[in-house]
1. Seen from all sides and averaged, what is the projected area of the convex hull of the Cα atoms in chain A, in nm²?
2. Return a single number: how many Lys pairs in chain A, at a sequence separation of 8 or more or on separate chains, have alpha-carbon atoms below 23 angstrom apart.
3. Please compute how much accessible surface disappears when B pairs with A, both sides summed, using a 1.4 Å probe, and round it to the nearest 100 Å².
4. Heavy atoms of the protein only, probe of 1.4 Å, neighbouring chains included. What is the accessible area of residue A:27 in Å², nearest 10?
5. What is the percent carbon and sulfur in the accessible area of the protein assembly as shown, measuring with a 1.4 Å probe over the protein chains and ignoring ligands?
6. Answer with one residue from B:53, A:29, B:14: the one whose Cα lies farthest towards the positive end of the charge dipole of the protein assembly as shown, charges on Cβ with Lys, Arg +1 and Asp, Glu -1.
7. Which whole-angstrom value gives the distance between the alpha carbon centres of the range B:71-93 and the range A:18-72?
8. Taking each residue in B:5-14, count the Cβ atoms of any other chain within 10 Å of its Cβ, then average. What number comes out?
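The values are calculated or read from the model by the stated rules, or taken from the named source; none is laboratory data. Since this is a predicted model, take the numbers as computed values, not measurements. Positions of Cβ are backbone-derived with ideal geometry, glycine not excepted, and every protein chain shown enters the neighbour counts. When the accessible area is computed, the model is the full protein with side chains, heavy atoms only, and any ligands, DNA or RNA have been set aside. Shrake-Rupley method; radii C 1.70, N 1.55, O 1.52, S 1.80 Å.
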Amino acid sequence: GAVVSQHPSWVICKSGTSVKIECRSLDFQATTMFWYRQFPKQSLMLMATSNEGSKATYEQGVEKDKFLINHASLTLSTLTVTSAHPEDSSFYICSAPTSKRGGRFRGEQFFGPGTRLTVL
Amino acid sequence: AQSVTQLDSHVSVSEGTPVLLRCNYSSSYSPSLFWYVQHPNKGLQLLLKYTSAATLVKGINGFEAEFKKSETSFHLTKPSAHMSDAAEYFCVVSVGTSYGKLTFGQGTILTVHP
């Protein structure tokens, strides 16, 4: 199946610094990618939809100025956690759908392995 | 809006016995339903999906699920558990107009005893 990678797999940073997480589709083009957040022992929560060539769409309650998303190309989306604080510590996961017809996604989404962020 | 409820946070079975992971959904539109598995330190892997075709869906590794509209359920089953099935399982719903946005259930941790 299709492959989605994330880098780094884990990162530790000091409070107040910014951290960039990359999500790449390795063998297919993804005009849209999704960013999720997973707290320990909890489910995944959709944070935002990353759109190539346009602004990201954020879910309600997600601070767009804190979680900057840039869809730089058809294979790369980045999530930057700005001025990170300990409460931002979490597992961040991206996904990308591989097929789209008539404006609707069909079939499977492929997930990256996730990035564990720890803010000290 | 759509939502998913996984009825059990933990399920424990013995190797070789059947597995049942329960999922109920709520959706205003015809949903697409998925089961994903997450092994520790690995990405989510799709087990199977329902997208308005056959109501009994067969997936990988011997798993299957049945879409029951009258019960708004999409339970995951496997006739015989294997040690390698131990993982966390997520029931997921997607609605066509949401352009691929997925709503995840709370997850069910499956433990398999020898």
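1. On the way: hull surface 29.2 nm².
Computing the convex hull of the Cα atoms and averaging its projections yields 7.3 nm².
2. Details: A:14/A:64; A:14/A:66; A:20/A:55; A:20/A:64; A:20/A:66; A:55/A:64; A:55/A:66; A:55/A:100.
Value for chain A: 8.
3. Values: alone 6240 and 6820 Å², together 11530 Å².
Buried area (both sides, nearest 100 Å²): 1500 Å².
4. Roll a 1.4 Å probe over it and residue A:27 shows about 90 Å².
5. Numbers: 5940 of 11530 Å².
Roughly 52 percent, rounded to a whole number.
6. Positive-most Cα among the choices belongs to A:29.
7. First find each Cα centre; the distance between them is then 27 Å.
8. Working: counts 0, 1, 0, 0, 1, 0, 0, 0, 0, 0.
Per residue, the number of nearby Cβ atoms from other chains is 0 on average.
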